[in-house]
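Working notes, structure below.
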Amino acid sequence: MAAAGDPKGWTGWGFSKWKAGWRRLWRSEEEPSKPQDDDGAPLIQRLALQASLTFPGPGDPGDLEATSGFRENLGRLQSLLGQVRARDLRLAPRRASGRAPGRPPFTYMRICETPAFSLGVFLLRAGARIPLHDHPGMHGLLRVLYGTVRIRCLDRLEPGGGPGPGALRQQAPPPGTPEGATPRPGVLRSEAEYTEASAPCVLSPSQDNLHQILAVRGPAAFLDILAPPYDPTLGRECHYYQMLERLPLGAEEAQGGATWDLPRAVWLLETPEADDFWGEEEPYPGPKVLL
Ligand SMILES: [Fe+2]
């Protein structure tokens, strides 16, 4: 998800913490791939090809969205992604196990990566949380393969404009904001649980660009497409945030609970990467992808 040599690795997350020794096995020689134009090709191969059509290069995302055919291609990509099941990737749902010291909260299976997009699987242990983070200038699609994840989707509100409930941009930062910190206005757009029965969760440079992901009621796994991948050298570095409620204490009750309606104005406080958020890479066991 990020350029080779990126000190934080290809997802922009704590890859300095990733343990050495994992091999790149996403192009194993165990199973030859079918021709690229073969309708009988593995679903993951067709998905990767559609991703390469939808995201032909890492160019300006604004230009990409204005490109003729982009919406149609994105729709086809979402449709294909929605068909992928764990068994298509030769993944068996994992059982819950206790939190063991030294074991990461998540692992990642790299399927393929180009300058235009990355495709891989995140496997979360029960209760694992991917902290609130952004995807600068990027598109993303997430498809749950097994288990349940609760996803919060947010956006930053740019000063003087941007989406969201504008009147609340004027509120003061909430009590408890760390001294010297500068929270930025944001909007919590949605919070929902996703399973393998759910349609993919989609983000874009301008909509639902921030999210937090939590594995609930057991382990979970999801297929992840990022386009283009994180790359700090090109301004696509992952930032982490803490969400602070913007309404003063007691306002929720005063408004009869209506404050929990969505979308809801919040504050976003940029934070360092959490020490307990780290992962390892593991081999991808499914059909190989050739582009
Ligand atoms: Fe993400």
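The values are calculated or read from the model by the stated rules, or taken from the named source; none is laboratory data. Treat the numbers as computed from the prediction; the structure is a model and nothing was measured. Cβ atoms come from the backbone with ideal geometry, glycine included; neighbour counts cover every protein chain shown. The protein model used for the area step is the full one, side chains on, heavy atoms only, and it has no ligands, DNA or RNA in it. Shrake-Rupley method; radii C 1.70, N 1.55, O 1.52, S 1.80 Å.
Data table
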| read-out | value |
| --- | --- |
| Accessible area of Arg129 in the full protein assembly, 1.4 Å probe (Å², nearest 10) | 110 |
| Residue-level accessible surface for Asp63, protein heavy atoms, 1.4 Å, Å² | 100 |
| Computed label-point distance, nm, for sites Thr67 and Thr233 using a 7 Å Cα→Cβ extension | 2.2 |
